[in-house]
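What follows is one structure encoded as C-alpha coordinates, with my remarks underneath.
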Amino acid sequence: MAQFSRSRLSCLFRISANKPSGFRSGAEAKHGQVCSVQLIRCQRSVDSKTLQDRQKQHMARGLPKQKPISGVKQVIVVASGKGGVGKSTTAVNLALGLMANDLSKSVGLLDADVYGPSIPKLMNLKGNPELTDNNLMIPLTNYGIPCMSMGFLVEDVAPIVWRGLMVMSAIEKLLRQVDWGSLDYLVVDMPPGTGDVQLSITQNIPIAGAVIVSTPQDIALLDARRGAEMFKRVNVPVLGLVQNMSVFQCPSCKHQTHIFGSDGARQLADTLGVQFLGDIPLHLSIRETSDRGKPVVVSCPDSPEAEAYRKVASAVVQRLEEVNT
(Lines give C-alpha, C1' and ligand atoms only; values in the text may rest on other atoms or scores of the structure.)
Protein backbone atom coordinates (compact mmCIF):
# COMPACT_ATOMS: atom_id res chain seq x y z
CA MET A 1 0.00 0.00 0.00
CA ALA A 2 1.41 3.37 -1.01
CA GLN A 3 2.50 5.60 1.84
CA PHE A 4 0.97 9.09 2.00
CA SER A 5 2.94 12.05 3.36
CA ARG A 6 1.31 14.16 6.02
CA SER A 7 0.91 17.10 3.62
CA ARG A 8 -0.74 14.91 0.96
CA LEU A 9 -3.14 13.42 3.51
CA SER A 10 -4.04 16.91 4.76
CA CYS A 11 -4.71 18.01 1.19
CA LEU A 12 -6.86 14.91 0.59
CA PHE A 13 -8.88 15.51 3.79
CA ARG A 14 -9.49 19.14 2.82
CA ILE A 15 -10.75 18.16 -0.61
CA SER A 16 -12.97 15.41 0.84
CA ALA A 17 -14.41 17.72 3.47
CA ASN A 18 -15.29 20.38 0.89
CA LYS A 19 -16.83 17.90 -1.55
CA PRO A 20 -20.60 17.39 -1.04
CA SER A 21 -22.34 14.13 -1.86
CA GLY A 22 -23.72 13.82 -5.34
CA PHE A 23 -22.87 15.96 -8.31
CA ARG A 24 -22.13 19.72 -8.25
CA SER A 25 -23.18 22.22 -10.86
CA GLY A 26 -20.63 23.77 -13.21
CA ALA A 27 -20.72 27.12 -11.33
CA GLU A 28 -20.16 25.37 -7.98
CA ALA A 29 -17.27 23.33 -9.38
CA LYS A 30 -15.67 26.42 -10.87
CA HIS A 31 -16.05 28.33 -7.60
CA GLY A 32 -14.44 25.45 -5.74
CA GLN A 33 -11.48 25.42 -8.12
CA VAL A 34 -10.94 29.16 -7.74
CA CYS A 35 -11.02 28.88 -3.94
CA SER A 36 -8.50 26.03 -4.06
CA VAL A 37 -6.12 28.01 -6.28
CA GLN A 38 -6.40 31.07 -4.02
CA LEU A 39 -5.73 28.92 -0.96
CA ILE A 40 -2.61 27.39 -2.55
CA ARG A 41 -1.30 30.82 -3.60
CA CYS A 42 -1.89 32.22 -0.11
CA GLN A 43 -0.07 29.28 1.46
CA ARG A 44 2.86 29.66 -0.92
CA SER A 45 3.08 33.39 -0.15
CA VAL A 46 3.15 32.74 3.58
CA ASP A 47 5.75 29.98 3.20
CA SER A 48 7.95 32.19 0.99
CA LYS A 49 7.82 35.10 3.44
CA THR A 50 8.64 32.79 6.34
CA LEU A 51 11.58 31.34 4.42
CA GLN A 52 12.91 34.82 3.57
CA ASP A 53 12.64 35.92 7.20
CA ARG A 54 14.55 32.83 8.33
CA GLN A 55 17.25 33.42 5.70
CA LYS A 56 17.71 37.04 6.80
CA GLN A 57 17.99 35.99 10.43
CA HIS A 58 20.51 33.29 9.53
CA MET A 59 22.63 35.71 7.47
CA ALA A 60 22.49 38.39 10.16
CA ARG A 61 23.92 35.95 12.70
CA GLY A 62 26.94 35.37 10.46
CA LEU A 63 27.75 39.06 9.82
CA PRO A 64 30.22 40.88 12.05
CA LYS A 65 29.03 43.89 13.99
CA GLN A 66 30.27 47.17 12.59
CA LYS A 67 32.76 48.87 14.88
CA PRO A 68 34.12 52.37 14.21
CA ILE A 69 37.85 52.90 13.73
CA SER A 70 39.19 54.56 16.86
CA GLY A 71 39.72 58.29 16.36
CA VAL A 72 38.18 58.40 12.86
CA LYS A 73 35.03 60.47 12.38
CA GLN A 74 34.10 59.61 8.79
CA VAL A 75 35.33 56.95 6.36
CA ILE A 76 35.15 57.64 2.62
CA VAL A 77 35.83 54.72 0.27
CA VAL A 78 37.03 55.36 -3.28
CA ALA A 79 36.15 52.47 -5.55
CA SER A 80 35.82 51.36 -9.14
CA GLY A 81 34.51 48.25 -10.77
CA LYS A 82 37.53 48.03 -13.05
CA GLY A 83 41.26 48.59 -12.64
CA GLY A 84 43.17 51.15 -14.68
CA VAL A 85 40.67 54.00 -14.44
CA GLY A 86 42.79 56.18 -12.13
CA LYS A 87 41.12 55.25 -8.84
CA SER A 88 44.26 55.42 -6.68
CA THR A 89 45.38 58.73 -8.20
CA THR A 90 41.90 60.09 -7.54
CA ALA A 91 41.92 58.80 -3.95
CA VAL A 92 45.28 60.47 -3.22
CA ASN A 93 44.32 63.82 -4.73
CA LEU A 94 40.88 63.65 -3.08
CA ALA A 95 42.53 63.28 0.32
CA LEU A 96 44.88 66.17 -0.41
CA GLY A 97 41.99 68.21 -1.80
CA LEU A 98 39.93 67.71 1.35
CA MET A 99 42.78 69.08 3.44
CA ALA A 100 43.57 71.91 0.99
CA ASN A 101 39.97 73.10 1.05
CA ASP A 102 39.90 73.24 4.85
CA LEU A 103 43.24 73.26 6.65
CA SER A 104 41.48 72.68 9.97
CA LYS A 105 40.50 69.16 8.84
CA SER A 106 42.76 66.17 9.40
CA VAL A 107 42.76 63.53 6.67
CA GLY A 108 44.24 60.02 6.51
CA LEU A 109 44.76 57.62 3.62
CA LEU A 110 44.38 53.83 3.78
CA ASP A 111 45.51 51.64 0.90
CA ALA A 112 43.19 48.60 0.95
CA ASP A 113 44.43 47.24 -2.37
CA VAL A 114 46.45 44.39 -0.86
CA TYR A 115 47.53 42.80 -4.14
CA GLY A 116 48.53 46.05 -5.88
CA PRO A 117 49.31 48.79 -3.34
CA SER A 118 49.89 52.15 -5.05
CA ILE A 119 49.87 54.65 -2.17
CA PRO A 120 53.61 54.28 -1.30
CA LYS A 121 54.57 55.30 -4.85
CA LEU A 122 51.97 58.04 -5.20
CA MET A 123 52.78 59.58 -1.81
CA ASN A 124 56.57 59.06 -2.09
CA LEU A 125 56.77 56.97 1.08
CA LYS A 126 59.05 54.08 1.98
CA GLY A 127 59.92 52.15 5.10
CA ASN A 128 58.31 50.02 7.77
CA PRO A 129 55.82 51.52 10.24
CA GLU A 130 56.99 51.87 13.82
CA LEU A 131 54.92 50.46 16.68
CA THR A 132 53.36 52.19 19.67
CA ASP A 133 53.57 50.80 23.19
CA ASN A 134 50.23 49.12 22.45
CA ASN A 135 51.66 47.38 19.35
CA LEU A 136 49.71 49.59 16.97
CA MET A 137 51.34 50.59 13.68
CA ILE A 138 52.13 54.28 13.28
CA PRO A 139 51.21 55.52 9.78
CA LEU A 140 53.88 57.01 7.54
CA THR A 141 53.19 60.66 6.78
CA ASN A 142 53.84 62.94 3.81
CA TYR A 143 52.21 66.22 2.72
CA GLY A 144 50.42 66.21 6.08
CA ILE A 145 48.55 62.97 5.26
CA PRO A 146 49.16 59.88 7.46
CA CYS A 147 49.15 56.79 5.23
CA MET A 148 49.00 53.04 5.75
CA SER A 149 49.50 50.42 3.07
CA MET A 150 50.45 46.80 2.64
CA GLY A 151 53.25 48.22 0.49
CA PHE A 152 55.00 49.37 3.68
CA LEU A 153 55.08 45.81 4.99
CA VAL A 154 56.51 43.97 1.97
CA GLU A 155 59.33 44.60 -0.48
CA ASP A 156 58.61 46.84 -3.45
CA VAL A 157 58.71 44.09 -6.08
CA ALA A 158 57.54 41.20 -3.91
CA PRO A 159 54.31 39.64 -5.21
CA ILE A 160 51.58 39.08 -2.64
CA VAL A 161 50.41 35.56 -3.37
CA TRP A 162 47.78 35.03 -0.71
CA ARG A 163 44.52 33.18 -0.44
CA GLY A 164 41.32 34.84 0.73
CA LEU A 165 41.69 34.19 4.46
CA MET A 166 45.16 35.75 4.55
CA VAL A 167 43.89 38.80 2.68
CA MET A 168 41.02 39.19 5.13
CA SER A 169 43.46 38.94 8.03
CA ALA A 170 45.63 41.65 6.47
CA ILE A 171 42.62 43.93 5.97
CA GLU A 172 41.60 43.42 9.58
CA LYS A 173 45.08 44.48 10.73
CA LEU A 174 45.06 47.55 8.48
CA LEU A 175 41.70 48.55 9.89
CA ARG A 176 42.19 47.78 13.58
CA GLN A 177 45.91 47.78 14.34
CA VAL A 178 46.83 51.28 13.17
CA ASP A 179 47.14 54.34 15.41
CA TRP A 180 45.42 56.96 13.25
CA GLY A 181 45.22 59.53 16.01
CA SER A 182 42.30 61.91 15.45
CA LEU A 183 40.99 62.15 11.87
CA ASP A 184 38.05 64.00 10.37
CA TYR A 185 38.22 61.89 7.19
CA LEU A 186 39.84 58.57 6.37
CA VAL A 187 39.98 58.04 2.61
CA VAL A 188 40.19 54.34 1.71
CA ASP A 189 41.61 53.35 -1.67
CA MET A 190 39.65 50.18 -2.41
CA PRO A 191 40.80 47.41 -4.76
CA PRO A 192 38.95 47.17 -8.08
CA GLY A 193 35.94 44.89 -8.31
CA THR A 194 33.23 43.76 -5.90
CA GLY A 195 34.84 40.91 -4.00
CA ASP A 196 35.85 39.78 -0.53
CA VAL A 197 37.79 42.90 0.46
CA GLN A 198 34.93 45.23 -0.40
CA LEU A 199 32.45 43.13 1.57
CA SER A 200 34.80 42.74 4.52
CA ILE A 201 35.38 46.49 4.84
CA THR A 202 31.74 47.48 4.39
CA GLN A 203 30.60 44.90 6.95
CA ASN A 204 33.26 45.66 9.57
CA ILE A 205 33.28 49.47 9.78
CA PRO A 206 30.64 52.17 9.35
CA ILE A 207 31.23 53.99 6.06
CA ALA A 208 30.06 57.55 5.50
CA GLY A 209 29.92 57.16 1.75
CA ALA A 210 31.43 55.73 -1.43
CA VAL A 211 32.94 57.60 -4.37
CA ILE A 212 32.87 55.69 -7.67
CA VAL A 213 35.58 56.46 -10.22
CA SER A 214 35.20 55.66 -13.91
CA THR A 215 36.33 56.78 -17.32
CA PRO A 216 33.60 57.73 -19.85
CA GLN A 217 34.25 54.50 -21.78
CA ASP A 218 31.30 52.11 -22.01
CA ILE A 219 33.27 49.06 -20.85
CA ALA A 220 34.44 50.90 -17.72
CA LEU A 221 30.94 52.21 -17.00
CA LEU A 222 29.54 48.67 -16.95
CA ASP A 223 31.79 47.76 -14.03
CA ALA A 224 31.33 51.14 -12.35
CA ARG A 225 27.61 50.46 -12.27
CA ARG A 226 28.22 47.07 -10.64
CA GLY A 227 30.32 48.79 -8.01
CA ALA A 228 27.64 51.37 -7.27
CA GLU A 229 24.95 48.71 -7.06
CA MET A 230 27.09 46.67 -4.65
CA PHE A 231 27.38 49.59 -2.23
CA LYS A 232 23.65 50.21 -2.42
CA ARG A 233 23.03 46.55 -1.63
CA VAL A 234 25.15 46.71 1.54
CA ASN A 235 23.54 50.01 2.59
CA VAL A 236 26.54 52.25 1.96
CA PRO A 237 25.55 55.70 0.61
CA VAL A 238 26.91 56.35 -2.87
CA LEU A 239 28.15 59.94 -2.73
CA GLY A 240 28.50 60.11 -6.50
CA LEU A 241 30.58 59.40 -9.60
CA VAL A 242 33.86 60.97 -10.70
CA GLN A 243 34.55 60.99 -14.44
CA ASN A 244 38.30 60.53 -14.80
CA MET A 245 40.25 61.10 -18.04
CA SER A 246 37.21 62.98 -19.31
CA VAL A 247 38.94 65.06 -22.00
CA PHE A 248 42.41 65.53 -23.49
CA GLN A 249 43.56 69.03 -24.41
CA CYS A 250 46.43 69.34 -26.86
CA PRO A 251 49.21 71.36 -25.17
CA SER A 252 50.08 73.04 -28.49
CA CYS A 253 46.80 73.99 -30.15
CA LYS A 254 44.49 73.57 -27.11
CA HIS A 255 42.10 71.42 -29.13
CA GLN A 256 40.05 69.12 -26.90
CA THR A 257 39.51 65.44 -27.72
CA HIS A 258 37.27 63.03 -25.82
CA ILE A 259 39.47 59.97 -26.19
CA PHE A 260 37.34 57.67 -24.01
CA GLY A 261 33.97 59.11 -24.96
CA SER A 262 31.93 62.02 -23.68
CA ASP A 263 29.80 62.34 -20.51
CA GLY A 264 29.41 58.60 -19.97
CA ALA A 265 29.80 58.84 -16.18
CA ARG A 266 27.47 61.83 -16.02
CA GLN A 267 24.79 59.85 -17.84
CA LEU A 268 25.35 56.84 -15.58
CA ALA A 269 24.96 59.05 -12.50
CA ASP A 270 21.61 60.23 -13.84
CA THR A 271 20.56 56.63 -14.51
CA LEU A 272 21.51 55.52 -10.99
CA GLY A 273 19.97 58.57 -9.36
CA VAL A 274 23.26 59.66 -7.74
CA GLN A 275 25.23 62.87 -7.97
CA PHE A 276 27.87 63.59 -10.57
CA LEU A 277 30.87 64.83 -8.56
CA GLY A 278 32.98 66.25 -11.38
CA ASP A 279 35.36 65.77 -14.29
CA ILE A 280 39.10 65.10 -14.08
CA PRO A 281 40.93 65.74 -17.38
CA LEU A 282 43.43 63.44 -19.05
CA HIS A 283 46.55 65.55 -18.58
CA LEU A 284 50.27 64.90 -18.73
CA SER A 285 50.95 66.76 -15.47
CA ILE A 286 48.71 64.39 -13.48
CA ARG A 287 50.66 61.39 -14.75
CA GLU A 288 54.08 62.98 -14.29
CA THR A 289 53.46 64.28 -10.78
CA SER A 290 51.94 60.97 -9.71
CA ASP A 291 54.93 59.01 -10.98
CA ARG A 292 57.28 61.30 -9.06
CA GLY A 293 55.29 60.89 -5.85
CA LYS A 294 54.28 64.55 -5.86
CA PRO A 295 50.52 64.62 -6.50
CA VAL A 296 49.27 67.49 -8.62
CA VAL A 297 47.19 69.03 -5.81
CA VAL A 298 50.36 69.78 -3.80
CA SER A 299 52.97 70.12 -6.56
CA CYS A 300 50.88 72.33 -8.92
CA PRO A 301 48.17 73.79 -6.66
CA ASP A 302 47.29 76.63 -9.06
CA SER A 303 46.80 74.38 -12.10
CA PRO A 304 43.38 73.60 -13.59
CA GLU A 305 44.01 69.92 -12.81
CA ALA A 306 44.49 70.60 -9.10
CA GLU A 307 41.40 72.81 -9.13
CA ALA A 308 39.39 69.93 -10.64
CA TYR A 309 40.35 67.66 -7.73
CA ARG A 310 39.52 70.35 -5.16
CA LYS A 311 36.09 70.80 -6.75
CA VAL A 312 35.50 67.05 -6.44
CA ALA A 313 36.56 67.23 -2.77
CA SER A 314 34.10 70.08 -2.16
CA ALA A 315 31.31 68.10 -3.81
CA VAL A 316 32.12 65.08 -1.61
CA VAL A 317 31.93 67.16 1.58
CA GLN A 318 28.62 68.64 0.45
CA ARG A 319 27.23 65.16 -0.20
CA LEU A 320 28.40 63.97 3.23
CA GLU A 321 26.50 66.82 4.84
CA GLU A 322 23.38 65.90 2.87
CA VAL A 323 23.68 62.23 3.81
CA ASN A 324 24.16 63.00 7.52
CA THR A 325 21.17 65.36 7.78
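The values are calculated or read from the model by the stated rules, or taken from the named source; none is laboratory data. Values in this document were obtained by computation on a predicted structure and should not be read as measured data. Reconstructed Cβ throughout: ideal geometry from the backbone, glycine too, with neighbour counts over all protein chains shown. Note: areas computed on protein heavy atoms with side chains; ligands, DNA, RNA excluded. Shrake-Rupley method; radii C 1.70, N 1.55, O 1.52, S 1.80 Å.
DSSP bridge analysis restricted to region 89-229 gives an antiparallel fraction near 30%, rounded to the nearest 5. When every Cα-Cα distance of region 173-325 is counted in 10 angstrom steps from zero, the calculated P(r) takes the values 10, 34, 37, 16, 2, 0 percent. Remark: region 193-322 carries 46 Å² of accessible area per residue (probe radius 1.4 Å; ligands, DNA and RNA excluded). The ellipsoid equivalent to the alpha-carbon distribution of region 179-225 has semi-axes of 25, 14, 8 angstrom, derived from the gyration tensor eigenvalues as √(5λ) and listed largest first. For region 203-255, a Kirkwood hydrodynamic radius built from all Cα pairs, placed in the Stokes-Einstein relation at 20 °C and 1.002 mPa s, yields a translational diffusion coefficient of 167 µm²/s. Within a Cβ distance under 14 Å of Gln267, other residues only, what is the Lys/Arg minus Asp/Glu net charge? Taking every other residue near Gln267 into account, the sum is -2.
Give the carbon-plus-sulfur fraction of the accessible surface of region 102-212 in %, rounded to a whole number; probe 1.4 Å, heavy atoms of protein chains only.
Carbon-and-sulfur percentage of accessible area, whole number: 52.
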